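Before any comments, here is the structure.
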Amino acid sequence: MGGPSDNNSSVSPTRESPSASATGPSAAPGSCAAGHAKVTVGPGDAVGQRLCVRPGTVVSLVLRPRTDDKRWTAVRSSAPALVLASGWRVDGDGTARASLRCAGVRAGAAEVTASAKAPDVAGAARVAFTLHVSVVPYTTQG
């Protein structure tokens, strides 16, 4: 996340500070979201965000209605064994929601893409937003 143009998007974990959840995989220890996190994307937000999470974290992805004639159509994970997208739904107002369940013991990275298209246009939907998820294990103290 991070720039001044990201004022409508938010990432808010429920167990750590809000600034801790939007960092990349090279983040300092303790700066990744754990337990539950929420990512909200609104019109005008960046088309990509990074999220660092701990194993077993559940991320609620909320995609606010688009301002163009396109509608959210689906969410897909590049690595379902690491980050599984489930519970996809689009509300009557155009807000789309999905639950992203991160693996409990594995570490790695996955891209979660949300596609959108105009309902009256033929052809496949195109990727309109990408969430780069890094699952970083807890450090072991020896």
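The values are calculated or read from the model by the stated rules, or taken from the named source; none is laboratory data. For clarity, every value in this text was computed on a predicted model and none was experimentally measured. For neighbour counting, all protein chains shown are included, and Cβ atoms are generated from backbone atoms with ideal geometry for every residue, glycine included. Surface accessibility is based on the protein's heavy atoms, side chains included, excluding ligands, DNA and RNA. Shrake-Rupley method; radii C 1.70, N 1.55, O 1.52, S 1.80 Å.
Is region 91-109 home to any residue that is touching an Asp or Glu at 6+ places or on another chain (Cβ under 7 Å) and either modelled with pLDDT under 95 or among the small types (Gly, Ala, Ser) (or both)?
no
When the residues of region 31-51 are filtered to those that are assigned to a strand (DSSP E or B) and open to solvent by 20 Å² or more (accessible area, probe 1.4 Å), which remaining residue is nearest to Arg101 (Cα to Cα)? Talk me through it step by step, then tell me what you get.
Here is the first cut: in region 31-51, the ones assigned to a strand (DSSP E or B) are 33, 36-41, 48-51.
From the residues that got through so far, the ones that are open to solvent by 20 Å² or more (accessible area, probe 1.4 Å) too are 36, 38, 48, 50.
Numbers: His36: 10, Lys38: 12, Gly48: 19, Arg50: 16 Å.
Ranking the qualifying residues of region 31-51, first place goes to His36.
Between Arg76, Arg89, Arg54, which is open to solvent by 80 Å² or more (accessible area, probe 1.4 Å) and either in contact (Cβ under 8 Å) with a residue 40 or more places away in the chain or within 25 Å of Cys32 (Cβ to Cβ) (or both)?
Result: Arg76 is the single residue among Arg76, Arg89, Arg54 that is open to solvent by 80 Å² or more (accessible area, probe 1.4 Å) and either in contact (Cβ under 8 Å) with a residue 40 or more places away in the chain or within 25 Å of Cys32 (Cβ to Cβ) (or both).
Filter region 92-105 down to residues that are touching a strand residue (DSSP E or B) at 6+ places or on another chain (Cβ under 8 Å) and more than 19 Å from Asp45 (Cα to Cα) and give me whichever is most open to solvent (accessible area, probe 1.4 Å).
Filtering region 92-105 down to residues touching a strand residue (DSSP E or B) at 6+ places or on another chain (Cβ under 8 Å) leaves 94-103.
Add one more test, that the residue is more than 19 Å from Asp45 (Cα to Cα), and what stays is 99-103.
Values: Ser99: 23, Leu100: 2, Arg101: 123, Cys102: 14, Ala103: 16 Å².
Per the stated criteria, the residue is Arg101.
Scan Ala116, Ala98 and give me the residue that is touching a Gly at 6+ places or on another chain (Cβ under 8 Å), free of Cβ contacts under 8 Å to residues at least 60 places away in the same chain, among the small types (Gly, Ala, Ser) and assigned to a strand (DSSP E or B). If you could, list the steps in order and put the result at the bottom.
Values: Ala116 fails: touching a Gly at 6+ places or on another chain (Cβ under 8 Å).
After ruling out the rest, the residue left standing is Ala98.
Out of curiosity, is Val11 under 14 Å from His132 (Cα atoms), surrounded by 16 or more Cβ atoms within 10 Å (Cβ to Cβ) and at pLDDT 95 or above?
On the way: under 14 Å from His132 (Cα atoms): yes; surrounded by 16 or more Cβ atoms within 10 Å (Cβ to Cβ): yes; at pLDDT 95 or above: no.
No.
Which is part of a strand (DSSP E or B), polar (S, T, N, Q) and touching a residue at least 12 places away in the same chain (Cβ under 8 Å), of Thr139, Thr130, Thr67? Explain how you work it out, then say what you get.
Values: Thr139 fails: part of a strand (DSSP E or B); Thr67 fails: part of a strand (DSSP E or B).
Matching residue, one of Thr139, Thr130, Thr67: Thr130.
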